[in-house]
Amino acid sequence: MASFDAWSLQYRRYPMGVPESATWELYGPLLRRQTYRSFDMKEDSTHPLFQPIARPLLRDEVRRQLLERITDGRIPAATRVYENDLARQLGVSRTPLHEAMVSLARDGLVQSFGRKGWIVAPLTDSDASELYPVLGALEALAVVTADSSALGCLDELRVLVMRLEQSTTTATERIAVEADWHALLVAQCPNRFLVDTLRPLAVRAARFEIACTALGWRSRQGELSSVVQCLERGDIRGASRFIEIHWRDRGRSIVEFIRTPEPSGEQRVA
């Protein structure tokens with residue numbers, strides 16, 4: 001039970017996902033205790049109970065910077081990148097950079113071409129059509145799993161919906177607010193495996209929406225108000241149903257936008 005409390009605290013600190021350094025912060029002490037018990041080690045000067053606190057891993061910071069720039073489009077989709085160039089720009093060696101790229105590849109954000117380097121994952125209509133239904137189904141499951149725990153963040157969800165409904169909120173700001181809304185709702189789920197699965201999917205969806213917004217696509221968030229209303233009534237199943245509808249309609253809108261060619265005849269996003 002204590003580990004779940006710790007995870008809850010970590011996810012409030014890292015709403016888009018717990019970095020690897022934080023994961024070690026939680027599990028490292030447990031692994032060390034298991035090692036001591038297995039070999040019957042005693043707490044003495046040779047085998048101290050506590051280890052010196054290390055600085056955050058460099059690869060985590062490299063990953064964070066790359067993740068931000070890939071997500072917001074500063075490194076566009078389908079861009080070919082090379083480790084030597086990136087390492088020079090970031091001022092790091094290739095080892096932490098390579099580790100960060102491998103981590104991003106596991107999340108489906110970059111693709112490896114061996115010695116030819118990496119390419120930022122393209123944004124295609126086929127990927128969007130497969131991504132959004134899965135995202136909707138898993139987030140709906142997270143709401144059902146959270147059950148009454150989801151009611152604890154109602155005030156914050158209402159505030160975010162009110163921000164979305166303000167006419168002064170720009171399209172780019174809406175994406176950020178919506179991401180906060182979903183992250184807050186998912187954070188109530190006690191199933192950390194489910195939350196870990198949702199995190200990279202949400203990032204991939206954000207890439208589509210930021211890229212499409214820059215080309216004129218506009219989001220609709222009416223279902224989010226319906227989710228809040230269901231939660232106010234204690235209707236968890238109803239809230240999960242509107243979550244699925246929200247992501248389904250959002251995915252269809254993205255796919256339709258991508259498939260609508262530019263006046264030049266070119267596809268809207270790579």
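None of the figures in this text is laboratory data; all of them are computed from the coordinates on show. It should be emphasised that the depicted structure is a prediction, and the values quoted were computed from it without experimental measurement. Please note: Cβ atoms are built from the backbone with ideal geometry, for glycine as well, and neighbour counts cover all protein chains shown.
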Checklist outcome for this item: Measuring from its Cα centre, region 121-223 shows a charge dipole (+1 at each Lys and Arg Cβ, -1 at each Asp and Glu Cβ) which, in debye to the nearest 20, is 140
Next on the checklist: Residues of region 148-184 with the amide nitrogen closer than 14 Å to a label point 7 Å from the Cα of residue 218, along Cα-to-Cβ, please.
Outcome noted: 165-175
Checklist entry - How far is it, in nm, from the label point at residue 80 to the one at residue 235 when both lie 7 Å from their Cα along the line to the Cβ? => result 5.4
Next on the checklist: If I take every Cα pair under 8 Å that is 6 or more residues apart in region 111-270, average their sequence separation and divide by the length, what percent do I get for the relative contact order?
Outcome noted: 36
Checklist outcome for this item: The Kirkwood hydrodynamic radius of region 100-143, taken as the inverse of the mean 1/r over all distinct Cα pairs, in Å, comes to 12.1
Checklist entry - When the dipole is taken about the Cα centre of region 80-119, and only Lys, Arg (+1) and Asp, Glu (-1) are charged at their Cβ, what size is it in debye, to the nearest 20? => result 160
Checklist entry - What's the Kirkwood radius of region 91-172 in Å, using all Cα pairs? => result 16.9
Item to check | Label point distance in nm, residue 196-residue 167, each placed 7 Å from Cα along Cα→Cβ | outcome: 4.7
Next on the checklist: Can you compute the modelled spin-label distance between residue 151 and residue 102, with each label point 7 Å from Cα toward Cβ, in nm?
Outcome noted: 4.7
